[in-house]
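S.K.: So that we are looking at the same thing, I have put the structure below in structure tokens.
The values are calculated or read from the model by the stated rules, or taken from the named source; none is laboratory data. Worth saying up front: this structure is predicted, and the values here are computed from it rather than measured. All Cβ positions, even for glycine, are placed from backbone atoms using ideal geometry, and neighbour counts span all protein chains on display. Each accessible area value is taken on the protein alone, full model and side chains, heavy atoms only, with ligands, DNA and RNA left out. Shrake-Rupley method; radii C 1.70, N 1.55, O 1.52, S 1.80 Å.
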Amino acid sequence: MKKALRIFLKVLLSIVALVVVLVVAAGLYFNHTIINSERGDRYKGPPIEEMTENGYTFKDLNRNGALDTYEDARQSLDNRAEDLLSQLTMEEKIRLLKGSGMKSGMGLGPSDEGVRGAVGTMVPVSRLGIPELYLSDGPAGLRIQPTRKNDENTYYCTAFPIATLLASTWNVDLVEEVGTAMGNEAKEYGIDVILGPGANIHRSPLCGRNFEYYSEDPVLSGEMGAAMVNGIESNGVGSSVKHFVANNQETDRFINDVLVSERALREIYLKGFEIMVEKSQPWTIMSSYNRVNGTYVAESHRILTDILRDEWGFEGIVMTDWFGGNHPPAMIQAGNDLLEPGTRKQYKALQKAVKSGELTGEEVDTSVRRILKLILNSQKMKAYAYSNNPDLEKHAQVTRQSASEGMILLKNEGALPLDEGTNIALFGSTSYDFIAGGTGSGDVNEAYSVSLEEGLVNANFQVHPAAKALFEAHKAAHPEAFEKPEGTLAAMMTPFTPPEMEPSAEAIADISGTADVAIVTIGRNAGEGGDRVETDDFCLSVTEEEMIAHVCESFHAAGKKVVVVLNVGGAIETASWKQQPDAILLAWQGGQEGGNSVADILSGKVNPSGKLPMTFPVALADHASSANFPMEGGIMSLRDLMGDRSQKPEEERVANSDYTRYEEGIYVGYRHFDKAGLEVSYPFGYGLSYTNFAYRNMEVELLDGTITLSLEVENTGAVSGKEVVEIYVSKPDTKIDRSPQELKAFAKTPLLEAGESTTVHLQIPLADLSYWNEESAGWTLEQGSYTIHAASSSRDIRLSKELSGL
């Protein structure tokens, strides 16, 4: 009877979901017309021919029989763009300001044209030989459809580790290598711009998209993001850094108004993006859905022009998030050049604004000029013959290495590493159904995903058959619960986490008699369109608590060790149960090679060297942001895409929905915990190793406006390993309200053999010690002495030096 009821409810839910999708799709079509939106590509002229003039061979893109400046790759990009701009009609310019619709990325667009699964485009102008450019999601790997109609070939992409894991490596060179591999896949599949990386701050552990973002700290976020951008764009394809700015919750993201002080905005939420602009100059930046202090970011001239371009020197284009913003002319005037994915409604609004004079020709030209520079710089404009055959095997090795380097050993009391051939009892559904990454636009269509079970078998461990039989019986009893939702929209509405198995205490006790060690895997998934909650998500469920307790009790009684593996995308509660197991490995979500990467750590093939990019609090309420966050969570409604985005009257606005007040100011993450003197479960920057490191001989000096420092790091243990050196700066005699310490630089050592030493050299511009002075509306360096700390974590200071006379 229960089974029949479950089947009935499943069918009913499917019907309701289908109706909702059809209604929304119809609404999107008639209200916004995202499918086959105005493409501006009706020109039917002679084919483009290659010509030679004065010994220079070129393509006669506009078919006029002469060499135009924009056709001459020897000319500067500025001159070429200016020449091309002069040949465009106003109608063609307006069309370039918006994309040409979806490419079936969300199941709403045509599926058999271009690159299937690309979610956006930049429109072609065939009359002048301007090609159509393709945009694709890609925070953790390129996301396109792996199959195509009437095509036996496959187009799989590599699922790389999530951004949070990559930040945990604290290794900019490795992250750049990941970006290089990701960009190569875009290049070889004909994608021109990857929509990533994400660089928003982990303001709250509950943000559903934290897995796409790097850290609670802007310096770590900015450095990781810049490395990713540099890697991607080394292939001659663009990246789109997102979501600019303060997009720190998914709940009501289309209308939420972030009320934040200028100091917090500058020091916390903008700073990481500023670092990325300075160190990588990305081709594009994606404006966020939300408002900031009353104005949509996509319509904010102050943020997109005054700050981003005039202060920071950003040279690329700004594009909207999909269906972002409210009033198209205001977006162009603000400096938001490209409206994605592009709708007929937007096109008509732009036409009307130009005709009425609301939008001037100069304003149109400013945005079009930027767009043309990107197009001229693209591989499509260079007629690159993409292969549709990237080296996926090579990239799988990159993802395996990067995943293992970002996994964090939180606890180890003689349990790890494990000897080869160890018989391991695996408990927890995600031991067998490992989560590779988050959902929504951050998902990837990979060819395979290695589970923890498979990884252990590959590493010559034995998986206990009785423990596996418990999982198989559980899965067989709940087949519908293990069916993963297909398609971006479905995954956004129902992020897949396998239902947890419930082994009895008796079954666990029996297994403990014949297994050598137990591994309990705890899994969590989240993604775009919804935020997490505290119960059974941030905190363990009762089932998970009992499973850990029973496994530890039985195995410890038998004199055997227990390891907990956390297959999660963000912080979870650990303080209440971390004393029970002998070891805890924070494996994050490691992409398609995740199971192999975990096995590399467990076996000792790789010595863990990851460090936390956020704080693990004792309790969720300890986070200052918990006072102003949609704690009830929830999943985005598809109707949100079409809803009224006009601002409600003050008396009708709902807290943490219509607006969120960032009352904590600059006190985000470890800044808050340090200032409030709160205990934490695991501090920012924390992570263990199978070896130990000693810090010695730190030297600090100020030279020509730059703090230069050096210190010696020695591997004092018995096995080779890497160490992350974290540099914090504090001002004990400060006269202003500021954090007790702030991360200002970091470096990761090379692999050091036992007894080997290396000297780490770092530089910090003196200006980086400044705070945002709201009275003078600028950066101010407080005079006096500062203390420079070399640390293994934010709460493990190894060496300190005073720098006086500033």
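S.K.: For a 29 Å ceiling on Cα separation, which of these pairs sit above it: 352/648; 59/348; 242/380? The partial results should precede the final answer.
M.R.: Numbers: 352/648 26 Å; 59/348 34 Å; 242/380 23 Å.
The answer is 59/348.
S.K.: Another question, then. Give the lysines reachable from residue 560 as a straight Cα distance under 20 Å; neighbours fewer than 8 places away on the same chain don't count.
M.R.: Residue 560 reaches 411, 468, 578.
S.K.: Using +1 at the C-beta of Lys and Arg and -1 at the C-beta of Asp and Glu, which of 439, 525, 456 has the Cα lying farthest in the positive direction of the dipole of the chain?
M.R.: 439
S.K.: Hey, any idea what % of the chain's accessible area is carbon plus sulfur with a 1.4 Å probe? Can you show the working numbers first?
M.R.: Details: 14360 of 29540 Å².
Within the chain, the accessible surface is 49 percent carbon and sulfur.
S.K.: Placing one identical point scatterer on every Cα of the stretch 728-806 and ignoring solvent, what is log10 I(q)/I(0) from the Debye formula at q = 0.14, 0.21 Å⁻¹?
M.R.: Relative scattering, expressed as log10 I(q)/I(0), comes to -0.55, -1.04.
S.K.: Taking N as the number of residues in the chain, what is its Cα Rg relative to 2.2 N^0.38 Å? It would help to have the intermediate numbers written out before the result.
M.R.: On the way: Rg = 26.9 Å, N = 806, 2.2 N^0.38 = 28.0 Å.
For the chain, the normalised Cα radius of gyration comes out at 0.96.
S.K.: Something else: Write down the accessible area per residue of the stretch 678-770 in Å², having rolled a 1.4 Å probe over the full set of protein chains. Mind showing how you got there, number by number?
M.R.: Working: 3960 Å² over 93 residues.
Per-residue accessible area for the stretch 678-770 comes out at 43 Å².
S.K.: Continuing with this model, one more query. Hey, what's the stretch 377-458 come to in accessible area per residue, 1.4 Å probe, Å²?
M.R.: 37
S.K.: Could you rank the peptides 124-137, 354-367, 736-749 by their average count of other C-beta atoms within 10 Å per residue, with the highest value first? Mind dumping the intermediate values first?
M.R.: Working: 124-137: 22.9, 354-367: 15.2, 736-749: 19.0.
By packing density, highest mean first, the sequence is 124-137, 736-749, 354-367.
S.K.: Something else now. Given a 1.4 Å probe and heavy atoms of the protein chains only, how would you sort 704, 391, 622, largest accessible area at the top?
M.R.: Details: 704 145, 391 80, 622 40 Å².
The residues order as 704, 391, 622, largest area first.
S.K.: Mind listing P(r) for the stretch 626-764? All alpha-carbon pairs, 10 Å bins, whole percents.
M.R.: Pairs per bin, as whole percents: 9, 24, 24, 18, 15, 8, 1.
S.K.: So with the 1.4 Å probe, I'd like the accessible area per residue for the stretch 557-604, rounded to whole Å². Numbers along the way, then the final one.
M.R.: Values: 880 Å² over 48 residues.
Per residue, the stretch 557-604 has 18 Å² of solvent-accessible surface.
S.K.: Right, here's the next one. Which lysines have a Cα lying under 18 Å from the Cα of residue 675, excluding residues fewer than 8 positions away in the same chain?
M.R.: Once the sequence-local lysines are set aside, what remains near residue 675 is 731, 735, 744.
S.K.: How much net charge surrounds residue 393 when only the other residues with a Cβ under 15 Å from the Cβ of residue 393 are counted, with Lys and Arg +1 and Asp and Glu -1? Intermediate results must be reported in sequence, preceding the final value.
M.R.: Values: positive: 394, 400; negative: 185, 188, 391, 446, 593.
Residues close to residue 393 contribute a combined charge of -3.
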